[in-house]
Amino acid sequence: MKAVLIDGKKIAAEIKAEIKAEVEKLRAKGIIPGLATILVGDDPASHIYVRNKVKDCEETGIFSEKIVLPGNTSAGELLDIVESLNKRNDIHGILVQLPLPRHLDEFEIISAIAPEKDVDGFHPVNQGLMLIGRDAIYPCTPAGVVEMLKRYGIRMEGRHAVVIGRSNIVGKPAAVLLLKENATVTICHSKTENLSEITKTADILVVAVGRARMVTADMVKEGAVVVDVGINRVGDKIVGDVDFEAVAQVAGYITPVPGGVGLVTRAMLLKNTIKACKRQTVG
Ligand code: NAD
């Protein structure tokens with residue numbers, strides 16, 4: 001392999017150690033950061049994600065409360081729960097695990113979370129603040145992407161960053177956060193023509209599509225930084241959106257799947273929870 005491996009496991013461990021130290025400092029002041037997770041229905045992947053989030057909280061000293069609701073929970077019932085968590089002083093972060101069952105409007109539910117407790121960074125207020133370059137709670141995955149680049153000393157300023165994918169939770173915010181770092185940003189998506197002509201000009205290529213190994217070596221410039229956000233199940237294996245083995249022969253840096261962005265995303269949720277807690281307590 002030619003590329004340097006950007007090790008998500010190592011970065012996540014570093015962030016968690018920093019969080020643990022911050023939590024200890026807060027606890028010494030009598031403040032216990034608290035995160036509430038709400039899970040509606042019985043989607044197996046969502047249950048695993050929430051279990052991991054609770055485990056991460058336990059490891060770092062963050063108080064966590066897991067609320068599991070049946071799949072037929074009404075919007076009114078869910079909104080009441082969100083509202084009661086908004087009012088609680090011991091809960092600084094609220095996370096509603098997505099996707100929600102189809103009868104629930106995700107936008108309506110997310111919008112009901114107090115913006116200062118929206119640790120996923122999906123509330124329209126946080127998304128808007130991010131867009132205009134103000135401090136806000138940023139979505140965990142794209143914030144994690146930037147964090148990984150920073151921790152490997154990868155310069156973003158002035159470089160051409162290409163993001164494939166324009167979802168509100170990954171692609172679009174990744175583009176905005178790269179722009180904030182002064183990269184020159186291009187967003188590609190399902191309607192983009194001549195995708196590989198564009199990706200070949202990327203100094204930094206962030207891939208968030210959800211199609212196993214769609215980015216092949218011929219689409220990548222020699223020495224580029226390749227960040228693979230994708231998580232795809234192929235048989236009994238989890239693979240990214242990048243053909244890792246082949247692209248690693250061309251790229252300068254590359255993130256693996258698993259062991260890359262996913263682990264850092266988890267750590268960024270803890271970081272957001274601490275940020276939210278500090279803003280609500282010590283200011
Ligand atoms: P999404 O389905 O909402 O968005 C996919 C995007 O890819 C769309 O904007 C679409 O325009 C674009 N796209 C689809 N086909 C394309 C093509 N042929 N060429 C170019 N663009 C194309 O998905 P998402 O929620 O943004 O997630 C993307 C991937 O990232 C998924 O695999 C998901 O599981 C993964 N993900 C990982 C993490 C993590 O922590 N690592 C977090 C969130 C999502």
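FYI, it's all coordinate maths here, none of it is from the lab. Not measured: the values here are computed from a predicted model. So basically every Cβ, Gly included, is an ideal-geometry build from the backbone, and we count neighbours across all protein chains shown.
Percent of alpha carbon pairs in the range 184-283 separated by more than 19 Å? Intermediate values should be presented prior to the final figure.
Numbers: 2392 of 4950 pairs.
Considering the range 184-283, 48 percent of its Cα-Cα pairs are separated by more than 19 Å.
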Here the equivalent ellipsoid of the chain, derived from its Cα gyration tensor, has semi-axes (largest first, whole Å) of 32, 21, 18
For the range 154-159, Karplus-derived ³J(HN,Hα) couplings (6.51, -1.76, 1.60; θ = phi - 60°; whole Hz; x for glycine and proline) come out as 8, 6, 9, 3, x, 9
Looks like the range 41-121, by Cα gyration tensor root eigenvalues a ≥ b ≥ c and the a/c under 1.5 rounded cutoff (else prolate when a/b is bigger than b/c, oblate otherwise), is oblate
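What does the C-alpha gyration tensor say about the overall shape of the range 56-97? Classify as rounded when a/c is under 1.5, otherwise prolate if a/b is larger than b/c, or oblate. Don't skip to the answer; put the middle values down first.
Values: a/c = 3.48, a/b = 1.62, b/c = 2.15.
Because a/c hits 1.5 or more and a/b fails to exceed b/c, the range 56-97 counts as oblate.
Remind me, relative contact order of the chain in percent, using alpha carbon pairs under 8 angstrom and six or more residues apart?
Values: 562 pairs, mean separation 64.2, N = 283.
Answer for the chain is 23 percent.
What 222 nm value per residue comes from the helices of the chain, counting each DSSP H run with n ≥ 4 as -39,500 (n - 2.57) and dividing by all residues, nearest 500 deg cm²/dmol?
Result for the chain: -12500 deg cm²/dmol, rounded to the nearest 500.
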A correct Stokes-Einstein calculation for the range 120-195, using the alpha-carbon Kirkwood radius, 20 °C and 1.002 mPa s, returns a whole-number D in µm² s⁻¹ of 170 µm²/s
Taking only Cα atoms of the range 96-240, the Rg to Rh ratio with Kirkwood Rh works out at 0.99
Kirkwood Rh for the range 244-283 from C-alpha pairs, in Å, is 12.4 Å
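Need one word for the range 1-91: rounded, prolate or oblate. Basis is the Cα gyration tensor (sqrt eigenvalues a ≥ b ≥ c); a/c below 1.5 gives rounded, then a/b vs b/c decides. Don't skip to the end; give the middle numbers.
Values: a/c = 3.27, a/b = 1.33, b/c = 2.46.
Oblate, because a/c is 1.5 or more while a/b does not exceed b/c.
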Computed ³J(HN,Hα) along the range 88-101: with the Karplus parameters 6.51/-1.76/1.60, θ = phi - 60°, integer Hz and x for glycine or proline, the list is 7, 7, 8, 10, 9, x, 10, 10, 9, 5, 9, x, 8, x
Plugging the Cβ-Cβ distance of GLN249 and SER84 into 1/(1 + (r/R0)^6) at R0 = 51 Å yields, to the nearest 0.05, a FRET efficiency of 0.40
